[in-house]
Structure formats: C-alpha cells, structure tokens
Amino acid sequence: MAPSTFIEILATIALTAYFPLITFSFFKFRLARKQEQLEMLEKKIKLTDEYGSFSFRDSIEKEFPVSDYVLPLLFVTVITFLGMYLAFLGWIMYENTGTIRNILWSGSLFWESDPALLDEKRNVAVVAYAIFGSFISSAQYVYRRYATVDLTPGNFFSVGIRMMLSAIVALMLSHLMGREAVGLGGEMVLVVAFLTGIFPEKGFKLLLDKVKVFPTNGKHASTNFGLECIEGMSQLHRIRLGELGIDNVQNLAQYDFLLLIIKTPFPMRTLLDWIAQAKLIMEFQENYKSLHAAGIRTVLDFWDACKDHPERIQMIADVSGIDSLTIEVNFQNISRDNSVMLLKHFREHSDHIKMKN
C-alpha cells in the first residue's frame, strides 16, 4: 500500500469517527456536569417545595436518553463516511480508467484526465466537495453544542440532512453552471460546491434565482409575531429555538419554561426575560410597544405595576393610549396564568444563581 493511500484511509476513518467520539465525550463528561449544576439550582430555589415532585435529574434522564442518539448518530456517520470516502478515496471507483487522482487534492484534474467520464467524475467531485464543506461547518456547530451542553439527537439528524441538502443543491448548480465553469478552468464549480456545503441556504437561494420557476406571492404571508420582536434575541438564538419548534412569539410564550432551561444552553434569567416579553406581546398584540412608554416591557413588569395598585391601570392607559378596559382584562388574564406565577417565582429566587457551562 502506498503511503498516500494509507494517509487517505486514515483521514477517512478519523473524520468519520468525529461525531461518535464527541457524543461519547458528551455523555461521559459534559452532561454529568450540567446535571450537577441543575441539581444545585433546584436546591437553591426550593423548586421541589413549591412544585411538588419536579426533579431536574429525572427530567435530564428523560430528555437525554442514550437510546435516542443511536439512530441519528448512525445516520450522520454513514453520510459522513460516504462524503469522506468520495473526497479521499473516490479515485478507487475509477482506477481502471484514465489517470488516478485524489479528488480533494487534484481538483478539476480528477475529471479532465478522463474525457470519456468527464461529466460523471465532475459530479462526483462536486458532491464530495459539498459534503466536505458541510462537514466542516457541521463539526463546528456540533462542537459548539457540545461545549454548551446542548447536544441533542435532533442535532445529528439536522447535520445529516444538511449534508444531503448541500450535496443535492451543489449538484443541481453544477448542472446549471458546470459546463461554463469547466470552460473557465473547472475550479469554479468546486468552489461553489464547497461554499454550498458551508452555506446550503445561500446555495439554494442561488439555485432559485437562476431557475426562477416559483413565483413569489406575499398575499398569504403569516401575520404572526416573529421572534425578532423579542429584545436581545439574535439570529443564532432564533435558529436554536427553532429546533425546538419555537418559530414565533406565540410558541415561545406557551413553551414550558422548566423544559426550556433543560433543553437550551441559554442563561436562566435570559430565558425568563424572553418568555416574559413574549407573554406581554401575546396579551396586548400590536399594542405591546405602547406599554414601553410606561416603562413596561415584560409581563412581570406589567404585574408589578398593577398588582395592589388598581389606580395605575388608568395611569397606564393615559400614558400608552390603550383603553383602560383592555388593560384591566389583560391584567385579570395574567393573574390567572400559573405560568406567569412560575416566572415570578424564579425571578424572586434566582438573583444570585449563576449557571456555567
């Protein structure tokens, strides 16, 4: 076996093992640490005394069962292996035709040396580069989730699907611009494939722009409040919450706060503030910004302002321009909402708690 072939086999195995190894480390070290921290939080805020038999330990065991990781991990590992095999060892499939060249190292020379299979080998190279680019992006994404103790089975399904999408989109783009790219030297199509792997959404948008088959029609656009209405929430935050099915303010307002602490890496007080904002928006709809003039930006601010001070309802109405009856009805609704009382309980008992990853 040639030394170069040995290195290619070793690289294929090492990169394919990345996701299984980081998952093993997650369960062995990171998850145990998060469990200890949440148990400390549970004791400090006396959550069991207030809310019965709730236990963070039991919730973590239910939320992160090892068996749930087997299928998604196998899924992403197989796709990773196929991509790495094509990138490093794809030349084996053509060892009897033309000059043997490694796809990753030789670039367009891989197919230009064999005119008889030019289109096929170019497409194989495109898929290899797309998956390789997607792997680099996904490896960074998974490590970030590992570091924040937020690695779920869905992450691996997401990564695997992202690799497949990247490969298909890059292949479709190569069909549209492949001939033109080859005429320019052949490297451009590989650059586009690699970037599509890292940014599959941008590659998909480029594909739609080139084809222009589907007309855009904003007539039926959703009127839901998007998560961008929440102060302090970035694009990355919205993507992370979207993985839990939280796509808009209504989803966030109705999501179980305790589960959100377990399922996400965000600081508890940040989650509390986001949900409190979301609940205020759901109560007042388009009028929620008017309450800012009265110094009210969350449902807890609204509770504090009106609780034991009924005369402030009219004062808030005068400052915000919202009808006083609307404010009074919404205050009664909030007073009967147990989830708001839970937020209030956490705010009162968590001032000195710091959660570290």
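Does ILE239 satisfy the criteria of being surrounded by fewer than 19 Cβ atoms within 10 Å (Cβ to Cβ), of a type in the set (A, V, I, L, M), modelled with pLDDT under 90 and out of contact with any strand residue (DSSP E or B) (no Cβ under 6 Å at 6 or more places or on another chain)? Answer is yes for this residue. Within the stretch 256-294, being in contact with a Leu (Cβ under 8 Å, 6 or more places away or on another chain) and either farther than 21 Å from GLU348 by Cβ or among the β-branched types (Val, Ile, Thr) (or both) holds for ILE261, ILE262, LYS263, THR264, ILE275, PHE284, TYR288, LEU291.
Pairing each residue of the stretch 110-126 that is more than 17 Å from VAL192 (Cβ to Cβ) and assigned by TED's automatic domain parsing to the domain that holds ALA167 with any residue that is buried (at least 19 other Cβ atoms within 10 Å of the Cβ) and of a type in the set (Gly, Ala, Ser), provided the two are 6+ apart or on different chains, yields C-beta distances under 8 Å for GLU112/GLY186.
Taking the stated definitions as given, is ILE334 among the hydrophobic types (A, V, I, L, M, F, W, C), within 17 Å of GLN254 (Cα to Cα), buried (at least 19 other Cβ atoms within 10 Å of the Cβ) and in contact with a Cys (Cβ under 7 Å, 6 or more places away or on another chain)?
Numbers: among the hydrophobic types (A, V, I, L, M, F, W, C): yes; within 17 Å of GLN254 (Cα to Cα): yes; buried (at least 19 other Cβ atoms within 10 Å of the Cβ): yes; in contact with a Cys (Cβ under 7 Å, 6 or more places away or on another chain): no.
In short, no.
Can you say whether ILE327 is in the same structural domain as LEU260 (by TED's automatic domain parsing), touching a Cys at 6+ places or on another chain (Cβ under 9 Å), crowded, with 18+ Cβ neighbours inside 10 Å and farther than 19 Å from ASN248 by Cα, as far as the supplied structure shows? Here the answer is yes, as ILE327 does meet what is asked. The set of residues in the stretch 223-269 that are within 12 Å of the chain's Cα centre (by Cα) and over 24 Å from ALA147 (Cβ atoms) contains only ASP247.
Whenever a residue of the stretch 267-288 is in the same structural domain as ASN333 (by TED's automatic domain parsing) and crowded, with 22+ Cβ neighbours inside 10 Å, its partners that are among the polar types (S, T, N, Q) and not in a helix (DSSP H, G or I), lying with C-beta atoms within less than 7 angstrom and at least six residues away or across chains, give the pairs ALA276/THR298; GLN277/THR298; LEU280/THR298.
Do we have any residue at all in the stretch 306-318 that's under 19 Å from ILE230 (Cβ atoms) and either assigned to a helix (DSSP H, G or I) or in the same structural domain as ASP256 (by TED's automatic domain parsing) (or both)? No, there is no match, as no residue in the stretch 306-318 is under 19 Å from ILE230 (Cβ atoms) and either assigned to a helix (DSSP H, G or I) or in the same structural domain as ASP256 (by TED's automatic domain parsing) (or both). Restricting attention to the stretch 289-305, the residues that are free of Cβ contacts under 8 Å to residues at least 40 places away in the same chain and surrounded by 22 or more Cβ atoms within 10 Å (Cβ to Cβ) add up to 4.
Within the stretch 113-131, identify whether any single residue is among the charged types (D, E, K, R), under 30 Å from SER25 (Cα atoms) and at pLDDT 85 or above, and answer yes or no. Break it down stepwise before answering.
Keep residues of the stretch 113-131 that are among the charged types (D, E, K, R), which gives 114, 119-122.
Checking the rest, the ones that are also under 30 Å from SER25 (Cα atoms) come to none.
So far as the stretch 113-131 goes, no, none of its residues is among the charged types (D, E, K, R), under 30 Å from SER25 (Cα atoms) and at pLDDT 85 or above.
For the structure I just gave you, tell me whether PRO20 is assigned to a loop (DSSP other than H, G, I, E, B), closer than 29 Å to SER137 by Cα and modelled with pLDDT of 80 or more.
Details: assigned to a loop (DSSP other than H, G, I, E, B): no; closer than 29 Å to SER137 by Cα: yes; modelled with pLDDT of 80 or more: yes.
When the stated conditions are applied, PRO20 does not pass them.
In the stretch 61-93, of all residues being within 20 Å of the chain's Cα centre (by Cα) and modelled with pLDDT under 80, the one that is nearest to LEU258 (Cα to Cα) corresponds to GLU63.
The values are calculated or read from the model by the stated rules, or taken from the named source; none is laboratory data. Computed from a predicted model, the values in this text were never measured in an experiment. Note that we place each Cβ from the backbone using ideal geometry, even for glycine, and neighbour counts take in every protein chain shown.
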